[in-house]
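Visitor: Got a structure for you, questions after.
The values are calculated or read from the model by the stated rules, or taken from the named source; none is laboratory data. All figures in this text were calculated on a predicted structure; none of them were measured in a lab. Reconstructed Cβ throughout: ideal geometry from the backbone, glycine too, with neighbour counts over all protein chains shown. Remember, those area values only see protein heavy atoms, side chains included, never the ligands or the DNA or RNA. Shrake-Rupley method; radii C 1.70, N 1.55, O 1.52, S 1.80 Å.
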Amino acid sequence: MAKFIQPPRGTRDLVGEEADLFIDLVNKFSEVARLNDFKPIITPTIEYFDLFAKKSGVEIIQSMYVFQDKAGRTIALRPEVTASVIRAYLRNLYKEPKPINLFYVAQCFRYDEPQRGRYREFWQLGLEIIGDESIAADINVLHTASEYLNYIGIKHFVQVGNVAFYRSFMDSMGVSSDDQDLVLHYIDKGLFNNAEKLVFEKYGEEASKVLRELYYTSIERLSELINDYRSLLRERCDKISQEAEKTLSFTDALKSIGINVEYSPPLVRGLAYYTGLIYEVKAEGLDLSVGGGGRYDGLTEVYGGPFEYSTGIALGLDRIMIMLKEKGYVVKTSPRVIVIALGSFTEIYREAINVSRALHSLGIVASVLSEQRVSKALSYASKKGYLYAVIIGKREIETQSVTIKDLIKGEQTSLHVSELVKYFKDALSP
Ligand code: AMP
């Protein structure tokens, strides 16, 4: 028996306060996203493996749940959602006026080693903007994510990097696209020495020196570096200078709207589809990242569509929950009233449901419990933390009244049904 009540390793049940917290955080995310005019998008939990195989990067591919369905198709549980959003955009939304702002709440699956803040099934809260070349889109994404984190009380800061710097330099040095992915993967994992060794062994000393300089260069010194390597970069100089300018304007803009931000050259991120600006959100009290994203211009082309600009971010809901639980975050709940239908007569049920409907119209949580014995019902109501019980039995039906018990004070009153709404308005208005 005990064997069957365990969920699979790396997954978990959410019940009670945790489940309440989860729903509260999802609702708040959707509230903030909608206020910023992002529209919801819902895509399947399973996708063809090829969707991710094309551009997800070494790490994600190795940790994917992949299986053959009964018809022999190779299917994956989604490890992330951006690829699906782009697929769905190409299928359903490509004719819409751009930019298109989308948000999602979705569970993802990665076969990682489970540890604090790392699960095999986890939830992402995502924002994507398709069809906007300017950094206004990146600012919009970051500002919305930050507004949400502020709303739920998570102090955070943003690290910014730009993979275009690495890619342009590596293109100029003839580093193959697969090796570039591997170099970025090593840097992402904090294994810069492996990245440097790979470049040194396959592309020579000069190439590894350039990589090292890039890795240690501040944003302010980047233009000098571009100048130093003008003859190596040649036609790529303009592109990389533009990216440097964008990165600077982006960080300045975030600072100007009160977001804590720093440029961090070692930041590259695991996913292989990023093309330019990338960002990672960190929070006080958690050394893991809370969110990550960046520019993935042209991912549409990888899936056979026309080129389109795009940028986005995904926040990790499970990690947000860990922090909020540690901070003692309390989910605000509405007052709860139990309506006790005493006896099993149609009129009693009808009246009890009518009372609960009247209470709902006041924003009060009310549910009907059918019981034969009032003492048993009241004991249940106290244990479950209800504030009031409204009792409806045969006598109440005959006299068109309700009996109300204040479960905190223990006081009891009888009222005419028509006075019920006023009573609760007075009793429970904030
Ligand atoms: P990524 O798709 O890798 O850029 O991840 C975006 C965010 O999802 C991260 O910043 C984490 O907050 C969250 N995340 C990624 N992997 C996991 C995991 N295995 N368990 C829990 N959260 C995760």
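Visitor: In square nanometres, what is the average projected area of the Cα convex hull of the chain?
Guide: Its Cα hull, projected and averaged over all orientations, spans 27.9 nm².
Visitor: Give the calculated FRET efficiency between GLU419 and ILE23 to the nearest 0.05, with a Förster radius of 30 Å applied to their Cβ-Cβ distance.
Guide: 0.30
Visitor: Further question on the same structure: Working from the pairwise distances between different alpha carbons, so that the mean of 1/r is found and then inverted, what is region 1-132's Kirkwood radius in Å?
Guide: 16.6
Visitor: Let me ask something else. Using every alpha carbon pair in region 331-430, what percent of pairs falls into each 10 Å bin from 0 up to the bin containing the largest distance?
Guide: 16, 55, 27, 2, 0
Visitor: Still on this structure, please answer the following. Rank SER401, PHE165, GLN242 by how far each Cα sits towards the positive end of the charge dipole of the chain (+1 on Lys, Arg Cβ; -1 on Asp, Glu Cβ) and give me just the farthest.
Guide: Farthest towards the positive end: SER401.
Visitor: What number, rounded to the nearest 500 deg cm²/dmol, is the helix-based mean residue ellipticity at 222 nm of the chain, given -39500 (n - 2.57) per DSSP H run of at least four residues and division by all its residues?
Guide: Counting only the DSSP helices, I get -13000 deg cm²/dmol.
Visitor: Next question, about the same structure. Quick one: if the Förster radius is 41 Å, what FRET efficiency do THR11 and LEU362 give, using the C-beta to C-beta distance and rounding to 0.05?
Guide: In this case the efficiency is close to 0.60.
Visitor: Compute the distance in nm between two label points, each set 7 Å from the Cα along the Cα-to-Cβ direction, one at SER382 and one at ASP228.
Guide: That separation, rounded to one decimal, is 7.7 nm.
Visitor: Looking at the calculated P(r) for region 53-212, what percent of the C-alpha pair distances fall above 19 Å?
Guide: 69
Visitor: To the nearest 0.05, how large is the calculated FRET efficiency for ASN260 and PHE4 if R₀ is 30 Å and r is the Cβ-Cβ distance?
Guide: For ASN260 and PHE4, the calculated efficiency is 0.05.
Visitor: In region 372-408, which residues have a backbone nitrogen under 19 Å from the label point lying 7 Å from SER344's Cα in the Cα-to-Cβ direction?
Guide: Zone members listed by number: 372-378, 392-395.
Visitor: Specify the residue with the greatest mean-square fluctuation among ARG373, ARG236, ARG34, computed from a Gaussian network of the chain linking alpha-carbon atoms under 10 Å apart.
Guide: Of ARG373, ARG236, ARG34, the most mobile in the Gaussian network model is ARG373.
Visitor: Using the Kirkwood formula on the Cα atoms of region 131-230, what hydrodynamic radius do you get, in angstrom to one decimal?
Guide: Answer for region 131-230: a Kirkwood hydrodynamic radius of 15.6 Å.
Visitor: At 1.306 mPa s and 10 °C, plugging the Kirkwood radius over alpha-carbon pairs of region 214-356 into Stokes-Einstein gives what diffusion coefficient in µm²/s?
Guide: D = 79 µm²/s.
Visitor: Above 14 Å lies some portion of the pair distances; for region 133-176, what is it as a whole percent of all C-alpha pairs?
Guide: 65
Visitor: Roughly how much of TYR303 is accessible, in Å² to the nearest 10, using a 1.4 Å probe?
Guide: For TYR303, the solvent-accessible surface is approximately 50 Å².
Visitor: Now, a different point. From the gyration tensor of the Cα coordinates in region 61-140, what semi-axes in whole Å does the equivalent ellipsoid have, largest first, with each one equal to sqrt(5λ)?
Guide: 28, 19, 9
Visitor: Among VAL85, VAL302, VAL290, which one shows the highest mean-square fluctuation when the chain is modelled as a Gaussian network with alpha-carbon springs under 10 Å?
Guide: VAL302
Visitor: Suppose every K and R has +1 on its Cβ and every D and E has -1 on its Cβ; what is the size of the dipole of region 238-389 about the Cα centre, in Debye to the nearest 20?
Guide: I would put it at about 1140 debye.
Visitor: For region 1-73, take N as its residue count and report Rg(C-alpha) divided by 2.2 N^0.38 Å.
Guide: That works out to 1.57 for region 1-73.
Visitor: With θ set to phi - 60°, apply the Karplus curve 6.51 cos²θ - 1.76 cosθ + 1.60 along region 339-348 and write out the HN-Hα couplings as whole Hz, x wherever there is a Gly or Pro.
Guide: Residue by residue, region 339-348 yields 9, 9, 8, 9, x, 10, 10, 3, 4, 5 Hz.
Visitor: Under a 10 Å cutoff between Cα atoms, tell me which one of GLU419, GLU213, GLU59 has the largest fluctuation in the Gaussian network model of the chain.
Guide: In this elastic network of the chain, the residue with the biggest mean-square fluctuation among GLU419, GLU213, GLU59 is GLU419.
Visitor: Extension gain ASP37-LYS409, at 0.36 nm per residue separation less the Cα-Cα distance, in nm?
Guide: Working it through step by step, the gained length comes to 129.3 nm.
Visitor: Something else now. Taking a point 7 angstrom from the Cα of GLU121 along the C-beta vector, which residues in region 19-47 have backbone N less than 20 Å away?
Guide: 19-27, 42-47
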